[in-house]
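The values are calculated or read from the model by the stated rules, or taken from the named source; none is laboratory data. Everything numeric here is computed off the predicted structure, so don't read it as measured data. As a convention, Cβ positions derive from the backbone with ideal geometry for all residues, glycine included, and neighbour counts pool all protein chains shown.
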Amino acid sequence: MIENTTVKIKAARLSILSNTCLVLAKLFIGFFMGSVAVLSEAVHSGFDLLASMITYYAVGKAGKPADERHPYGHGKWENVSGVLEAILILAAALFIVYEAVARLRHGSRIEHLGIGTAVMAISALVNWFVSKYLFRVAKKTGSIALEADAWHLRADVYTSLGVFAGLVLIAVTKITQLDSIAAILVALLIVKSSVDLTMNAMGDLFDARLPLEDEVKIREALSRHEKECIGFHRLRSRKSGSVKFIDLHLVVPRKWSIEEAHQLSDTIEKEIREILPNTQVIIHIDPCNKSLHPCVTCLKEPEN
């Protein structure tokens, strides 16, 4: 757990550094050119920077061990971070639309297109590699906060490419309104990513079940013990930050000793943690009941 937290914090620091550099570059070039699309990208990167700072704080808090007041740990900090980042993305989109519409109504003059296109190309390239790294760390550690930050940067890649294309078209057609149109298209992409992030983060906040593929792995692990005459029911799962929680009722032959049932329970818990790292498993033992939860062994026993 401590190792995962350290890796996540390092990734968040890299995101802060890259976003800081991009915000400064885009602001300078945007004002220099008089381009609302480039300035909208600076605002977008500014929100990305704030989101990266929130992520940095959240992964640090989420990495704290469980305590008396928080027996399940502090993983929900990552989910709260994801929701806040989604709100920031939406706010950025609204600001961009406002500025773009104002420019369309009052007109604008754009200069130094070559510098602007170069900055957008560099921005897209930097954010592509940083987001790729964040996605890799997020997948490895199960961090929704880092995943949200990665989606921020990946959206920035696409929007930077959109502004780049708009500036190229302006250079060819001399139609400066394309700059504002490109900015509005950028905003629409940002809104979509905001909705996706909100659905992701809110699901875990309200204890949505784990993805179907994870539950399939759990059921496969349980099915490997069918020869030991067991069954299971009331399988429940949820996620808090990067930690998964699973609990279920395990049915064993009623003639088993407590030690036998405990050993099987430990074995299954270990197998589930191996296929789903960073998981906490709780298993409740139920004795076999012929009418409700029969097992092969008990069914073979003669009736008294």
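Among what's in the range 238-270 and is of a type in the set (Ser, Thr, Tyr) and more than 20 Å from the chain's Cα centre (by Cα), pick the residue that is farthest from VAL137 (Cα to Cα). Give the derivation first.
Quick first cut of the range 238-270, residues of a type in the set (Ser, Thr, Tyr) only: 240, 242, 257, 265, 267.
The next check asks that each one be more than 20 Å from the chain's Cα centre (by Cα); those that pass are 257, 265, 267.
Working: SER257: 44, SER265: 31, THR267: 29 Å.
Here the answer is SER257.
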**OP:** Give me a count of the residues in the range 89-103 that are surrounded by fewer than 21 Cβ atoms within 10 Å (Cβ to Cβ) and in contact with a Leu (Cβ under 9 Å, 6 or more places away or on another chain).
**Re:** 2
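Residue-by-condition table, conditions (1) of a type in the set (Lys, Arg); (2) at pLDDT 80 or above; (3) surrounded by fewer than 21 Cβ atoms within 10 Å (Cβ to Cβ); (4) not in a helix (DSSP H, G or I):
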{"residue": "ALA138", "(1), (2), (3), (4)": "no, yes, no, no"}
{"residue": "ALA155", "(1), (2), (3), (4)": "no, no, no, no"}
{"residue": "ILE181", "(1), (2), (3), (4)": "no, no, yes, no"}
{"residue": "VAL195", "(1), (2), (3), (4)": "no, no, yes, no"}
{"residue": "GLU220", "(1), (2), (3), (4)": "no, yes, yes, no"}
Original post:
Quick one: how many residues across the range 52-98 are under 26 Å from LYS192 (Cβ atoms), among the aromatic types (Phe, Trp, Tyr) and at pLDDT below 75?
Top reply: 1
